[in-house]
Each structure stands twice: as C-alpha cells, then as structure tokens.
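For reference, the structure discussed in these notes is given below.
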Amino acid sequence: MSKVYSGGCACGAIRYETTSAPFVEIHCQCRDCQKRSGTGHSSYLTYARRADMAITGEAKTWRVAGDSGNQKVHAFCPNCGTPVYVTFVAMPELIAVHAGSLDEPGQFNPQMVSYAIRGHAWDMMDPSLQTFDRMPG
Ligand SMILES: [Zn+2]
Ligand SMILES: [Zn+2]
C-alpha cells in the first residue's frame, strides 16, 4: 500500500493528491521563501512527476526568479491566498507542495535545509539536518 499525500489551501478550493513518494523534503531559507511565507523559511515536499499529482480547483500563478536565478511558478488560491504548490520553468516535470498544506502535516519528513546562508538567528533549524548554502545538486 502506497501512502497517500493529500492537501490543499486553507479554504478548500484547491486540492491535491498523490500516491507517489516525494524525492526530496526540504526547508528553504531563501529570501523568496521568507517573503512569501512571512517568516524565516518555507517547507516543501518535492515530487518527481507532476503528472502523478491530481490537482482540483483553479489556482492563480505568478513567477519569480529565486535566489538561484531559476524561474519558479508559485500557485496560490485566489480565494484565500494560501500558497499551495510550486513548479519550476527549467524542470517542468517537478512539483513541490507546501508542507503546511498537507491534510496530515506530520507526513513531512525534512531531510535538508537549502539557502541556510540566508537563515536568520531567530529561525533555527534542526541542527541534525544537512544544510546547503544554496540549492543542493
Ligand atoms: Zn483557498
Ligand atoms: Zn526558497
């Protein structure tokens, strides 16, 4: 039995579900993630095959070049404003969902911290996690 990962925005208009396993689970402390989350980092589960993610509801999207210079497409609910998922222009197969949007956020199992160099003293990460000054890989 494969595990189901499902979730959505705060008002329920946008929903997603997959039985795929994420290939990377990460906290990101880049400035873009700080700005959008309103705090020190964002947390993501990233899946290798966007096609395996069933999404319902109409998200709005906007693009930003992250600290890496790569264009990211942020999808959010136009009704409640919740950021729900992120896709990447240069890697169109990938999709990342925000850990806090999961129906069971305890499924998130962070493995690493990216852009740790941008992290703030008040946003301490688990010191046992692998950290990267920038994006790994
Ligand atoms: Zn919503
Ligand atoms: Zn980031």
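The values are calculated or read from the model by the stated rules, or taken from the named source; none is laboratory data. All of these numbers come straight from a predicted model, not from anything done at the bench. Note that we place each Cβ from the backbone using ideal geometry, even for glycine, and neighbour counts take in every protein chain shown. All accessible areas refer to the heavy atoms of the entire protein, side chains included, with ligands and DNA or RNA removed. Shrake-Rupley method; radii C 1.70, N 1.55, O 1.52, S 1.80 Å.
Before we move on, is residue 31 within 13 Å of ligand 2 (Cβ to nearest atom), open to solvent by 60 Å² or more (accessible area, probe 1.4 Å) and within 15 Å of the chain's Cα centre (by Cα)?
yes
What about residue 36, is it under 28 Å from residue 118 (Cβ atoms), in contact with a Lys or Arg (Cβ under 8 Å, 6 or more places away or on another chain) and at pLDDT below 95? Break it down stepwise before answering.
Working: under 28 Å from residue 118 (Cβ atoms): yes; in contact with a Lys or Arg (Cβ under 8 Å, 6 or more places away or on another chain): no; at pLDDT below 95: yes.
Taking the combined requirement at face value, the residue does not satisfy it.
Would you confirm whether or not region 19-28 contains a residue that is outside any loop (DSSP other than H, G, I, E, B), open to solvent by 30 Å² or more (accessible area, probe 1.4 Å) and either of a type in the set (Lys, Arg) or more than 12 Å from ligand 2 (Cβ to nearest atom) (or both)? Write out each step before concluding.
Taking region 19-28 as the starting set, the residues that turn out to be outside any loop (DSSP other than H, G, I, E, B) are 24-28.
With open to solvent by 30 Å² or more (accessible area, probe 1.4 Å) added as a condition, the list becomes none.
There is no residue in region 19-28 that is outside any loop (DSSP other than H, G, I, E, B), open to solvent by 30 Å² or more (accessible area, probe 1.4 Å) and either of a type in the set (Lys, Arg) or more than 12 Å from ligand 2 (Cβ to nearest atom) (or both).
Quickly run through region 122-137 and pick out the residues that are open to solvent by less than 30 Å² (accessible area, probe 1.4 Å) and farther than 18 Å from residue 37 by Cα.
Result: 129, single match.
Out of curiosity, is residue 15 in contact with a strand residue (DSSP E or B) (Cβ under 9 Å, 6 or more places away or on another chain), open to solvent by 60 Å² or more (accessible area, probe 1.4 Å) and charged (D, E, K, R)?
Values: in contact with a strand residue (DSSP E or B) (Cβ under 9 Å, 6 or more places away or on another chain): yes; open to solvent by 60 Å² or more (accessible area, probe 1.4 Å): yes; charged (D, E, K, R): yes.
When the stated conditions are applied, residue 15 passes them.
Scan the strands (runs of 3 or more DSSP E) fully inside region 62-121 and keep the ones with 3 or more residues being closer than 19 Å to residue 52 by Cβ and open to solvent by less than 40 Å² (accessible area, probe 1.4 Å).
Working: elements: 71-76, 83-88, 91-98, 112-114.
Strands (runs of 3 or more DSSP E) meeting the threshold: 83-88, 91-98.
Restricting attention to region 38-61, report how many residues are surrounded by fewer than 18 Cβ atoms within 10 Å (Cβ to Cβ) and in contact with a Gly (Cβ under 8 Å, 6 or more places away or on another chain).
So the answer is 2.
Any residue in region 45-52 that is more than 16 Å from ligand 1 (Cβ to nearest atom), of a type in the set (D, E, K, R), within 16 Å of residue 16 (Cα to Cα) and outside any loop (DSSP other than H, G, I, E, B)?
Of the residues in region 45-52, the ones more than 16 Å from ligand 1 (Cβ to nearest atom) are 45-52.
After this cut, where a residue has to be of a type in the set (D, E, K, R) as well, the list is 49-50, 52.
If we keep only those that are within 16 Å of residue 16 (Cα to Cα) too, we end up with 49-50, 52.
Checking the rest, the ones that are also outside any loop (DSSP other than H, G, I, E, B) come to 50, 52.
So far as region 45-52 goes, yes, one or more of its residues are more than 16 Å from ligand 1 (Cβ to nearest atom), of a type in the set (D, E, K, R), within 16 Å of residue 16 (Cα to Cα) and outside any loop (DSSP other than H, G, I, E, B).
Which members of region 1-16 meet the condition of being modelled with pLDDT of 95 or more and away from ligand 1 (no atom under 16 Å from the Cβ)?
First pass over region 1-16, keeping only residues modelled with pLDDT of 95 or more: 4-16.
4, 5 - these are the residues of region 1-16 that are modelled with pLDDT of 95 or more and away from ligand 1 (no atom under 16 Å from the Cβ).
Could you check region 121-135 and list, in sequence order, the residues that are modelled with pLDDT of 95 or more and of a type in the set (Phe, Trp, Tyr)?
Scanning region 121-135 gives a single hit, 122.
Among the residues of region 61-80, is any over 17 Å from residue 45 (Cα atoms), β-branched (Val, Ile, Thr) and in contact (Cβ under 8 Å) with a residue 12 or more places away in the chain? Steps first, answer last, please.
To start, the set of residues in region 61-80 that are over 17 Å from residue 45 (Cα atoms) comprises 61-71, 77-80.
From the residues that got through so far, the ones that are β-branched (Val, Ile, Thr) too are 61, 64.
Now narrow it down to the ones that are in contact (Cβ under 8 Å) with a residue 12 or more places away in the chain: 61, 64.
Yes - at least one qualifying residue is present in region 61-80.
Quick one: how many residues across region 18-36 are away from ligand 1 (no atom under 16 Å from the Cβ) and free of Cβ contacts under 8 Å to residues at least 60 places away in the same chain?
8
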